Amino acid sequence: MITIEGLTRVRGRARVLHEVGFTARPGRVTGFLGPNGAGKTSTLRVLLGLDRPQAGRALIDGRRYADLERPLTVAGALLDGSGAHRSRTARAHLRWMAASNGLPKGRVDEVLELVGLAPEAGKRAGKYSLGMSRRLGLAAALLGDPPVLILDEPVNGLDPAGIRWMRAFLRDSAAEGRTVLLSSHLMGELAETADDVVIIDHGTVVADGTLAEVVGEHATLEDAFLARTAGEGASW
Amino acid sequence: MIGAVKAEVSKLVTLPSPAITVALTWAVTVLVRQADPPGGAVPYSQAGVLVLGVLAAGHEYQRGGQIRATLLAVPRRPLLFAAKTVALLVTAGPAVFVAALLAGEPGATGGLLLDLLLAAGVATIVRHPVGATAVVLTAYQIVVPLIRNGLPDVALPPAPVWSAAIIAAAAVTFHRRDA
Amino acid sequence: MVSQVRAELLKLLSLPTAWVGLVLGLIAAPALALVSAGGTRRAIENGFHADASDAAFQPLGIGLLGALILGVVVMSSEYTSTGDDSPGARQLQATLAAMPRRWRLVAAKAVTLSLLVTVQGTITAVVTLALNRVVLGDLVPAAAPGRVAGAVLYWVLMGLLAYALMLIFRNGIVTLTVLILNISVVSFSYLLTKVTPLAAYLPDIVGTHMFLNEVGDVRIAPLTAGVVMTGWVVALLGLGGWMFDRRDP
């Protein structure tokens, strides 16, 4: 369960987040939508203790991420890039992450197998393609077998087979009772995977509900999204 | 805490650049000692130790952005900073001792360890390994000698004071700032 | 070639790090000349310098850092990844897309760097030497224009040396460590001169004979010094360029 309340973050004179609040529930995939620069990544970074908000709280099972004893066993996160140093091998990267949370070494090979990186685990991360880096990032997120998954644009850089695999993986995770929060700007993708949808624009939540509620009278999620965010023309 | 220290040790020993730096530092120390410079071989080993400190802390901020993975694994920043310091001393300490031995001045180990921590502190604050290298080497090899020779009246604070100040500043910045 | 040099200038001057090198090079030496005036005065009065005119040039050494930083940045910027989400993408890809002829690129960067460092070195040398005259008065003789030109040329060649080492090692830490140590009191080259007199002809040592009269025990004519150092830099740039041309970016 992810609870976000009144999150406000100001950077210089720019308002990045303004009283952002929503929840992501166990057993459901919550899609977090917004144009580029709307505050999706900022929200996730605050949720993960990377950035500090000026006001509000972002909690995972009632606790701040930065207060967790063994955070990888509570929440797994996939941000852009793999976070691996380019001159370290994928296996060495996962090994230190496992050690930091007291996870058994054997778990490293399990997740490498799970994301299909086992044959390339001895390669240095700098030699990985974009798709392989994403898989390595996902392997790191799954290390602690966490009940909560937080993913920023998870299908970015994946090929069609990878996208299908990711969609099934997210659905299965929710079916097992995990809380899945994913940000995206790919409407079609989200309409296929999400149970609940939160739309953010200019740092403010503009829609929040089940997929059906948010789509409402519009023909598609994309129409609903554009109707709520297209206030001032093309955002790109 | 033990898990965090183990992770940091594992990070340092699986990276090629610190190991290469240690090997080069030893080699240079041995060679320089043959030439018998007036100030002894320690200032040369010191340069290698400074680079080692910069790499150990600075590699988090090189391309790839490993620092985020690190903070996701160990989000408690004061604990992480302590674990990093302990891991650095545990892994680099013996290597620094060997360098001091090779320089013929095992007593210099303590001073070199302070230099090591100071360099790591600068790299943590600057978050740019190349920039941090330029800063520490310039400070140690150019600015301090210049002040000693050019301004003999100016009393520089002793090395432990400097190191403690930089490490404290690094700890505070590391705790406060957005990753 | 002109358009390529213009492109490289625009590229370099839009980087904050390049400005750090530029400004540092401009202010460090004059600042040091002011701060250390008392010490220099005493050193001259106590006869520490056999040739007092050398004392005026001493503070220039610290400003050399600026030239080294520029020499490193001109190449290191190409290898920095463009963003966290694309760790493999480097500016070099865009550069080579725009200027696929690699030898020309190497030359364009060398010309750009030389231009910038010449301007930087000239301003710094003139300002530092003038300040010296103001604070030290007649203790130091006025600097001969030929020696000032020698000092500026030394700056340019050291900047190019940093660039050449970057082409060879592709690593800013290695390049800066080698060069900063060598312009410092624990210079390897200087140490080597104690082992073999031939070391006096290493690039960073020999070049100082262009503007200093007392370097070590050997005397080398300024012209010879300039030719030898230029030879080194050209050879290393040739090696670096050849490696850059052959390597996959």
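The values are calculated or read from the model by the stated rules, or taken from the named source; none is laboratory data. Predicted model, so just to flag it, every value in this text is computed and none were measured. Cβ coordinates were reconstructed from backbone atoms using ideal geometry, including for glycine residues, and neighbour counts include every protein chain displayed.
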Selected residue (only one of C:125, C:107, C:162, C:151 is touching a Phe, Trp or Tyr at 6+ places or on another chain (Cβ under 6 Å), at pLDDT 90 or above and assigned to a helix (DSSP H, G or I)):
C:151
So which residues in the stretch A:66-109 are crowded, with 23+ Cβ neighbours inside 10 Å and within 16 Å of the chain's Cα centre (by Cα), if there are any at all?
A:71, A:72, A:75, A:76, A:77, A:78, A:79, A:81, A:82, A:83
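Which members of the stretch A:50-71 meet the condition of being acidic (Asp, Glu) and more than 11 Å from chain B (Cβ to nearest Cβ)?
The first filter runs over the stretch A:50-71 and keeps only residues acidic (Asp, Glu), leaving A:51, A:61, A:67, A:69.
Selection gives A:61 alone.
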Give just the number: which of (1) surrounded by 21 or more Cβ atoms within 10 Å (Cβ to Cβ); (2) at pLDDT below 95; (3) charged (D, E, K, R) does residue B:84 not satisfy?
(2)
Residue pairs qualifying under the 6 Å Cβ cut-off, at least six apart or on distinct chains, with the first in the stretch A:5-21 being modelled with pLDDT of 90 or more and the second being among the acidic types (Asp, Glu), are A:6/A:19; A:8/A:19; A:21/A:5
Of residues in the stretch B:12-36 being within 9 Å of chain A (Cβ to nearest Cβ) and without any contact (Cβ under 8 Å) to a residue 24 or more places away in the chain, the one farthest from residue A:140 (Cα to Cα):
B:16
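Condition check: in contact (Cβ under 8 Å) with a residue 24 or more places away in the chain, in a loop (DSSP other than H, G, I, E, B) and on the phi > 0 side of the Ramachandran plot. Does residue A:27 satisfy that?
On the way: in contact (Cβ under 8 Å) with a residue 24 or more places away in the chain: yes; in a loop (DSSP other than H, G, I, E, B): yes; on the phi > 0 side of the Ramachandran plot: yes.
Yes: the conditions hold for residue A:27.
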For the stretch B:69-87, state whether one or more residues are in contact with a Phe, Trp or Tyr (Cβ under 6 Å, 6 or more places away or on another chain) and more than 8 Å from every other protein chain (Cβ to nearest Cβ).
yes
Can you tell me which residue in the stretch B:127-147 is farthest from residue B:170 (Cα to Cα), limited to those that are more than 13 Å from the chain's Cα centre (by Cα) and more than 9 Å from chain C (Cβ to nearest Cβ)?
B:144
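Taking the stretch A:143-171 as the region of interest, how many residues are away from every other protein chain (no Cβ under 14 Å), within 21 Å of residue A:70 (Cα to Cα) and among the β-branched types (Val, Ile, Thr)?
Within the stretch A:143-171, the subset away from every other protein chain (no Cβ under 14 Å) is A:145, A:147, A:159-171.
Going one step further and asking which of them are within 21 Å of residue A:70 (Cα to Cα), we end up with A:145, A:147.
Next, from what is left, pick out any that are among the β-branched types (Val, Ile, Thr): none.
Qualifying residue count, the stretch A:143-171: 0.
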Check off (1) away from every other protein chain (no Cβ under 13 Å); (2) exposed (fewer than 15 other Cβ atoms within 10 Å of the Cβ); (3) touching a residue at least 24 places away in the same chain (Cβ under 8 Å) for residue A:112 and give me the number that stays unchecked.
(2)
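Quickly run through the stretch B:37-62 and pick out the residues that are out of contact with any helix residue (DSSP H, G or I) (no Cβ under 8 Å at 6 or more places or on another chain) and either modelled with pLDDT of 95 or more or at the interface with chain C (Cβ under 8 Å from one of its Cβ atoms) (or both).
Quick first cut of the stretch B:37-62, residues out of contact with any helix residue (DSSP H, G or I) (no Cβ under 8 Å at 6 or more places or on another chain) only: B:38-40.
Within the stretch B:37-62, B:39 is the sole residue that qualifies.
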Pairing a residue in the stretch A:42-57 that is on the phi > 0 side of the Ramachandran plot with any residue that is among the charged types (D, E, K, R), where Cβ atoms lie under 8 Å and the two sit 6 or more apart in sequence or on different chains, gives A:49/A:64; A:56/A:5; A:56/A:19
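Results for (1) hydroxyl-bearing (Ser, Thr, Tyr); (2) in contact (Cβ under 8 Å) with a residue 40 or more places away in the chain, shown as yes or no for each residue.
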| residue | (1), (2) |
| --- | --- |
| B:108 | no, yes |
| B:138 | yes, no |
| B:141 | no, yes |
| B:164 | no, no |
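Does residue C:182 satisfy being at pLDDT below 90, over 23 Å from residue C:119 (Cα atoms) and under 15 Å from the mean Cα position of the chain (by Cα)?
Numbers: at pLDDT below 90: yes; over 23 Å from residue C:119 (Cα atoms): yes; under 15 Å from the mean Cα position of the chain (by Cα): yes.
When the stated conditions are applied, residue C:182 passes them.
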Please verify whether residue C:204 is more than 10 Å from every other protein chain (Cβ to nearest Cβ), in a helix (DSSP H, G or I), within 22 Å of residue B:35 (Cβ to Cβ) and out of contact with any Phe, Trp or Tyr (no Cβ under 6 Å at 6 or more places or on another chain), treating the condition exactly as stated.
yes
Within the group A:207, A:212, A:168, which residue is buried (at least 17 other Cβ atoms within 10 Å of the Cβ) and free of Cβ contacts under 8 Å to residues at least 60 places away in the same chain?
A:207
Of the criteria (1) within 14 Å of chain B (Cβ to nearest Cβ); (2) assigned to a helix (DSSP H, G or I); (3) over 20 Å from residue B:12 (Cα atoms); (4) of a type in the set (A, V, I, L, M), which one residue A:140 fails:
(3)
